[in-house]
Amino acid sequence: MLKTLQQAGISNTGFAHILEESLNEIYLFDAKTLRFLLVNKGARLNLKYSMEELSSLTPLDLKPEFTAKSFAELLDPLRKYEKQKIQFETVHRRKDDSLYDVEVHLQLSTFQSVPVFVAIILDITERKKTEVKLLETQQMLKLVMDNIPQSIFWKDKKSIYLGCNKNFANEAGVNSTADIIGKTDYDLAWRKEESDFFRKCDRRVMDTKKAEYHIIEPQLQADGKHAWLDTNKIPLCNNEGKVIGILGTYEDITERRMMEKNLLELNTYLKMQDKLKTEFLSTVAHEIRTPLSLVLGFVGVIKSKLNTVIFPQLKDEEPRMKKAREQIENDIKIIQSEGKKFVTLLDDLLDITKIEDGMVETVKEPVSILSVAKRSMKMISDLAEQKNLKIQKDFEDKLPLLLANEARLEQVFTNLINNAIKFTEKGSVTLKIKKQKNEIVVNIIDTGIGIEKEYQDKIFNKFYQVGDINTGNRKGTGLGLSICKQIIANHDGRIWVESETGKGSTFSFALPYISE
Ligand code: ADP
């Protein structure tokens, strides 16, 4: 049972001993002169003054934050109402000039018939440090919140705003983040129209405990402008998992939306331009192809007539005649070979425009990839022989059939093997075909010049060729690989290259096979 000090038999002297030994500072000072009358051990130790030194001091000497006037003003009410006590925080200065935070409790009393002030001083240095840290953390948190590009808010279970960051306050049209507290969406002019929708959405998120994400189409802002908003609402749960409110984020994505819109428009425009360009190329190629075939046909006829009718009549002994004949023969050869190259380019052009337009043969049949590969190899064997290159086969037995357009597949093989031979001076070209998971994978491996890493993706684009046109390094039209890419894509396959300059390239493609 709780007892008074007297009931507990503790004498005044015993209690005085407890006060003297207390680690808290306790002292009495004269209410008039303010001179210290009693100072306990805790105070002496903490202040680092001796009893003698303290006897000539007043509490004012310990309190650098006070003047004689302000201290007197503080004490005044206490003098008037004896029972009243006051409490305040300040700093105390020790004898060595070091400062520490204190909480002072003051009360007027009488000691030996003299009015005195009783002071109990608590050292609150640690508490202050924690408070400062807490304040710093809070300020930092506020700074973080205010610097986040999104608008953030949080509401209680009744959808009443409990707080928000600066961005949200600006968007909601309130003066400061504190002004949002206690408001609902119905109080914010900015969102009145949508208030019901927001309220329902809050309810759903809190009831289902599931976050919701919405893109809100042009939304009227406090500044009168319309904006696209990207919103997220997340249920706020306490440690026991109980929903206590809702956390929301908003982001004005108008600029992003506008950019997307512009990009989309640009993309449509570019596609249209590309289509026009393709149509133009196709028309031009077609228009040139017909007369060019005619010209080449006539050149053939002229060559044959010259060889069979004209040249035999010439007297070869005459050096001028001989030179002229050789010249004509040579020129016709050039016309024919260059004309042939031109025809190939036009054919490739017509081909790619047709493939891109989806006008290619869509008929696909079960095809044996090995027979297609062998046929392509045969067609190209002359070219390999001319360059003294070996073509090796590495075929897996019994491969499943593919659903493919045979002629187009052959075109891919021919293009890739042709390239491999074209860009290889010595070594070999190996054709490897195997089954891998649900695909048939073809590798065309050469020991040629290789392709630098930065060009490896680009060569599948139309007209892209590695090397300099001026050095005569270009040996084709730059369309072969883009045609292959399109054909493989039309067969739901993949095509890629791995290569090292100076060592060679491996062009590969993979096509899904018909289940065995
Ligand atoms: P073309 O061979 O008619 O120039 P392609 O589209 O078939 O056009 O090839 C594009 C470019 O890719 C070639 O010009 C060449 O620079 C590079 N290339 C293709 N195949 C190989 C290969 N096997 N080795 C080295 N470079 C190659």
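The values are calculated or read from the model by the stated rules, or taken from the named source; none is laboratory data. Here the structure is a predicted model, which means the values were calculated and not measured. FYI the Cβ positions are ideal-geometry reconstructions off the backbone, even for glycines, and counts take in every protein chain you see. Protein only, heavy atoms only, side chains kept; ligands, DNA and RNA dropped before computing areas. Shrake-Rupley method; radii C 1.70, N 1.55, O 1.52, S 1.80 Å.
In summary, residue 41 fulfils each of the numbered conditions (1) open to solvent by 60 Å² or more (accessible area, probe 1.4 Å); (2) over 23 Å from residue 18 (Cβ atoms); (3) of a type outside the set (Val, Ile, Thr) with the single exception of condition (2). A single entry from 437, 453, 458, 462 fulfils the requirement of being within 11 Å of the ligand (Cβ to nearest atom), surrounded by fewer than 18 Cβ atoms within 10 Å (Cβ to Cβ) and under 34 Å from the mean Cα position of the chain (by Cα): 458. The residue pairs whose first member lies in the stretch 70-92 and is under 19 Å from residue 121 (Cα atoms) and at pLDDT below 85, whose second member is open to solvent by less than 30 Å² (accessible area, probe 1.4 Å) and of a type outside the set (Phe, Trp, Tyr), and whose beta carbons are closer than 8 Å, counting only pairs six or more residues apart or on different chains, are 84/78; 84/108. For the stretch 147-176, filtered to residues that are open to solvent by 30 Å² or more (accessible area, probe 1.4 Å) and not in a loop (DSSP other than H, G, I, E, B), the residue that is nearest to residue 200 (Cα to Cα) is 156.
A single entry from 296, 306, 263 fulfils the requirement of being open to solvent by 90 Å² or more (accessible area, probe 1.4 Å) and out of contact with any Leu (no Cβ under 8 Å at 6 or more places or on another chain): 263.
Within the stretch 418-429, if we keep just the residues that are in contact with a Ser or Thr (Cβ under 9 Å, 6 or more places away or on another chain) and β-branched (Val, Ile, Thr), the residue that is farthest from the ligand (Cβ to nearest atom) turns out to be 429.
Taking only pairs six or more apart or across chains, which ones have beta-carbon atoms under 9 Å, a first residue in the stretch 225-241 that is touching a residue at least 12 places away in the same chain (Cβ under 8 Å) and within 17 Å of residue 202 (Cβ to Cβ), and a second residue that is open to solvent by less than 30 Å² (accessible area, probe 1.4 Å) and basic (Lys, Arg)? Here the result reads 236/155, each pair linking the stretch 225-241 to a residue that is open to solvent by less than 30 Å² (accessible area, probe 1.4 Å) and basic (Lys, Arg).
Looking only at the stretch 242-254, residues that are modelled with pLDDT of 90 or more and not in a strand (DSSP E or B) come to 1 in all. Residue 133 falls short of the stated requirement of being open to solvent by 50 Å² or more (accessible area, probe 1.4 Å), under 30 Å from residue 77 (Cα atoms) and not in a strand (DSSP E or B).
Among residues of the stretch 391-403 being hydrophobic (A, V, I, L, M, F, W, C) and away from the ligand (no atom under 16 Å from the Cβ), the one that is surrounded by the most Cβ atoms within 10 Å (Cβ to Cβ) is 402. Hey, any hits in the stretch 404-417 for a residue that's open to solvent by 20 Å² or more (accessible area, probe 1.4 Å), modelled with pLDDT of 90 or more, within 12 Å of the ligand (Cβ to nearest atom) and farther than 27 Å from residue 346 by Cβ? No, the stretch 404-417 has no match at all. For the stretch 324-371, give me each residue that is β-branched (Val, Ile, Thr), within 20 Å of residue 482 (Cα to Cα) and within 47 Å of the chain's Cα centre (by Cα). Hits for the stretch 324-371 are 344, 352, 353, 355, 360, 362.
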